[in-house]
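All remarks here apply to the structure that follows.
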Amino acid sequence: MFSPQADPTAMYGGPNLRQPQQQQQLRYPTGYGEYGAGGATATFSSDPRVLMVYGLPTDINCYHLFNLFCQYGNVLKAKILMNKQGTAMVEMDHPQAATSALRLLHSTPLRNGRMELGYSKHSSIMSNPSPPPLHDGTPSYVDFTGSRNNRFLTEEGSSKNRVISPTKVLHFYNAPFDTTDSSITKVFADHQVSPPVAVKVFSRGERGERSSTGLLEFGEVADAAQAMAFVNHAELKSQSGQVFTIKLAFSPSPHAQ
């Protein structure tokens, strides 16, 4: 359990990130002290929760940001800055979540560029009941406070999450129980992202499971990160028409096998 005196750099990997399989799982603390990873100063909030995100592709939206950042903590709000191309703000529910995201997502390749992260001088993102729309018609500001897709809502749920840097292998779960290699690959084509080069389905409902799980291996980390942004929480239908919300997570496995 984290203590106020603990070094968050060590807990979350620091500038010299350990290999994914060696990184620790995130458990939210019962209390925390004043710190700022990366040398945050008085210019920033003493317990920063808002991150600036730069270098984003032009087709990214708030839901894509949620899909990426929910790997590292509960996402409260996301905002695409209309006056600064490729720039966004993401508010996490806890400083540790922001620290984790900054340490592990910073410099992640996405599309033809790299995401760059830093702390915002703002302590929260101002609510906007009527945000202007983005190119795809989605709002430029979204409040995710009540989203059930946040993955750190309970201690039990938090303990199941692996908080690691992006990898080229994704773990998928909550897919239709009759998922096949071709059906899981098709969803990536439908979202116009590079498909996985290898698929391993662990369960197909043979033992009465209500959903399927497995691994997806991509050619590059950039492809996996793009898949995470655009396909995480996509809806898939079983052959009987039942709708499932597929969930993705970065996996420490070296291959889909």
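The values are calculated or read from the model by the stated rules, or taken from the named source; none is laboratory data. What you see is a predicted model; the values in this text were computed from it and never measured. Cβ atoms come from the backbone with ideal geometry, glycine included; neighbour counts cover every protein chain shown. Side chains are part of the model used for accessible areas, which takes the heavy atoms of the whole protein and leaves out ligands, DNA and RNA. Shrake-Rupley method; radii C 1.70, N 1.55, O 1.52, S 1.80 Å.
Applying the condition of being out of contact with any helix residue (DSSP H, G or I) (no Cβ under 7 Å at 6 or more places or on another chain) and within 22 Å of Leu65 (Cβ to Cβ) to the stretch 173-192 and asking which residue is most open to solvent (accessible area, probe 1.4 Å) yields Gln192. The residues on offer are Ala256, Ala229, and the sole one that is of a type in the set (A, V, I, L, M, F, W, C), modelled with pLDDT of 95 or more and touching a Leu at 6+ places or on another chain (Cβ under 8 Å) is Ala229. Please determine whether any residue of the stretch 149-171 is in contact with a helix residue (DSSP H, G or I) (Cβ under 7 Å, 6 or more places away or on another chain) and over 25 Å from Asp223 (Cβ atoms). Yes; the residues of the stretch 149-171 include at least one that is in contact with a helix residue (DSSP H, G or I) (Cβ under 7 Å, 6 or more places away or on another chain) and over 25 Å from Asp223 (Cβ atoms).
Selection of first residues in the stretch 133-158 that are in a strand (DSSP E or B) and of second residues that are of a type in the set (Phe, Trp, Tyr) and surrounded by fewer than 16 Cβ atoms within 10 Å (Cβ to Cβ), restricted to Cβ pairs under 6 Å at least 6 apart or on distinct chains, gives an empty result. Residues of the stretch 196-208 being open to solvent by 50 Å² or more (accessible area, probe 1.4 Å), in contact with a strand residue (DSSP E or B) (Cβ under 9 Å, 6 or more places away or on another chain) and of a type outside the set (Lys, Arg), which ones? Across the stretch 196-208, the qualifying residues are Val197, Phe202. Screening Tyr54 with (1) under 18 Å from Met228 (Cα atoms); (2) modelled with pLDDT under 95; (3) not hydrophobic (A, V, I, L, M, F, W, C) gives one miss only, at (2). Determine whether Val187 is among the β-branched types (Val, Ile, Thr), under 21 Å from the mean Cα position of the chain (by Cα) and either at positive phi or not in a strand (DSSP E or B) (or both). When the stated conditions are applied, Val187 passes them. Quick check on Ala256: is it under 24 Å from His64 (Cβ atoms), among the small types (Gly, Ala, Ser), free of Cβ contacts under 8 Å to residues at least 60 places away in the same chain and open to solvent by less than 30 Å² (accessible area, probe 1.4 Å)? Spelling it out, it is not the case that Ala256 is under 24 Å from His64 (Cβ atoms), among the small types (Gly, Ala, Ser), free of Cβ contacts under 8 Å to residues at least 60 places away in the same chain and open to solvent by less than 30 Å² (accessible area, probe 1.4 Å).
Residue-by-condition table, conditions (1) open to solvent by 20 Å² or more (accessible area, probe 1.4 Å); (2) within 17 Å of the chain's Cα centre (by Cα):
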residue: Ser147; (1), (2): yes, yes
residue: Ile164; (1), (2): no, yes
residue: Ser194; (1), (2): yes, no
residue: Arg210; (1), (2): yes, no
residue: Ala227; (1), (2): no, yes
residue: Ser251; (1), (2): no, yes
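Restricting attention to the stretch 95-120 and to residues that are modelled with pLDDT under 95 and part of a loop (DSSP other than H, G, I, E, B), the residue that is least open to solvent (accessible area, probe 1.4 Å) turns out to be Arg111.
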